[in-house]
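J.: Sending over a structure as structure tokens; questions will come in a sec.
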Amino acid sequence: MSLTGVLSYQGGFERHLERLAGLGVRTLPVRSVEALERVDALIIPGGESTTIGMLMERFGIMQALLARIATGLPVFGTCAGAILLAADIEGSEQPRLGALDITVRRNAYGRQIESFEADVSDAAWNGAAFHGVFIRAPQIVRVGAGVRTILRFESLPVLVREKNMLAATFHPELTGDDRIHRYFLEEVAGI
Ligand code: GLN
């Protein structure tokens with residue numbers, strides 16, 4: 001049976017592990033290269049992208065994960081996880097994987113509305129609405145030619161996919177709706 005990892009240094013990893021377990025998936029918290037080598041798919045949670053990125057470098061995960069993504073490991077980054085996947089982070093040289101061809105702007109919704117909830121929808125997903133929980137969320141301000149926008153909020157992409165990489169600027173693990181985790185597992189990872 002396949003094993004789905006959640007990068008578990010900092011941030012919202014517990015809720016992702018619970019969500020995956022609720023879907024009947026075998027899970028592994030990932031904090032080492034050894035654990036990373038065992039998983040068939042990986043979620044990078046929200047949290048503080050600078051902290052998570054620094055710890056990824058310290059534990060040697062940055063290079064090891066980049067190599068696995070290049071050979072097809074399915075990854076799903078939520079919020080800070082999306083920032084860590086991004087090729088470009090506006091105005092920042094912080095450590096990142098840089099594998100996903102998007103530009104993000106951190107904390108882009110401004111201090112006065114650090115967190116908010118809104119319905120996001122897109123015709124590409126049967127016109128279905130998703131309840132998006134945005135917490136100090138980044139905006140995706142550029143998507144590369146190979147990147148598909150799956151969901152938008154106020155005309156900006158909030159769920160995008162490029163090959164084996166999926167990234168959301170919101171937190172699907174914080175609602176009762178498991179469709180986005182199922183999409184990652186079934187459509188991106190084939191689990
Ligand atoms: N603002 C955080 C960052 O820039 C991301 C917030 C989140 O993951 N909820 O890393």
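The values are calculated or read from the model by the stated rules, or taken from the named source; none is laboratory data. Remember, it's a predicted structure, so these values are computed and weren't measured experimentally. Note: ideal-geometry Cβ built from the backbone for every residue, glycine included; neighbour counts use all protein chains shown. In case anyone asks, the SASA skips ligands and DNA or RNA and just uses the protein heavy atoms, side chains included. Shrake-Rupley method; radii C 1.70, N 1.55, O 1.52, S 1.80 Å.
J.: Of 72, 53, 60, 47, which residue is open to solvent by 10 Å² or more (accessible area, probe 1.4 Å) and within 16 Å of the ligand (Cβ to nearest atom)?
T.: Result: 47 is the single residue among 72, 53, 60, 47 that is open to solvent by 10 Å² or more (accessible area, probe 1.4 Å) and within 16 Å of the ligand (Cβ to nearest atom).
J.: For segment 77-100, which residues satisfy the criterion of being touching a helix residue (DSSP H, G or I) at 6+ places or on another chain (Cβ under 6 Å) and away from the ligand (no atom under 13 Å from the Cβ)?
T.: Listed by number, the residues that qualify are 97, 99, 100.
J.: Residues that are outside any loop (DSSP other than H, G, I, E, B), away from the ligand (no atom under 16 Å from the Cβ) and open to solvent by less than 10 Å² (accessible area, probe 1.4 Å): does segment 129-141 have at least one?
T.: Within segment 129-141 (the criterion being outside any loop (DSSP other than H, G, I, E, B), away from the ligand (no atom under 16 Å from the Cβ) and open to solvent by less than 10 Å² (accessible area, probe 1.4 Å)), the answer is yes, since at least one residue qualifies.
J.: Please tell me if residue 10 is of a type outside the set (A, V, I, L, M, F, W, C), out of contact with any strand residue (DSSP E or B) (no Cβ under 9 Å at 6 or more places or on another chain) and within 16 Å of the ligand (Cβ to nearest atom).
T.: yes
J.: Output the residues belonging to segment 147-161 that are surrounded by 19 or more Cβ atoms within 10 Å (Cβ to Cβ) and not β-branched (Val, Ile, Thr).
T.: 151, 153, 157, 159, 161
J.: Is it the case that some residue within segment 101-118 is in contact with a strand residue (DSSP E or B) (Cβ under 8 Å, 6 or more places away or on another chain), away from the ligand (no atom under 15 Å from the Cβ), at pLDDT 95 or above and outside any helix (DSSP H, G or I)?
T.: So far as segment 101-118 goes, yes, one or more of its residues are in contact with a strand residue (DSSP E or B) (Cβ under 8 Å, 6 or more places away or on another chain), away from the ligand (no atom under 15 Å from the Cβ), at pLDDT 95 or above and outside any helix (DSSP H, G or I).
J.: What is the one condition in (1) open to solvent by 30 Å² or more (accessible area, probe 1.4 Å); (2) under 15 Å from the mean Cα position of the chain (by Cα); (3) among the hydrophobic types (A, V, I, L, M, F, W, C) that residue 85 does not satisfy?
T.: (1)
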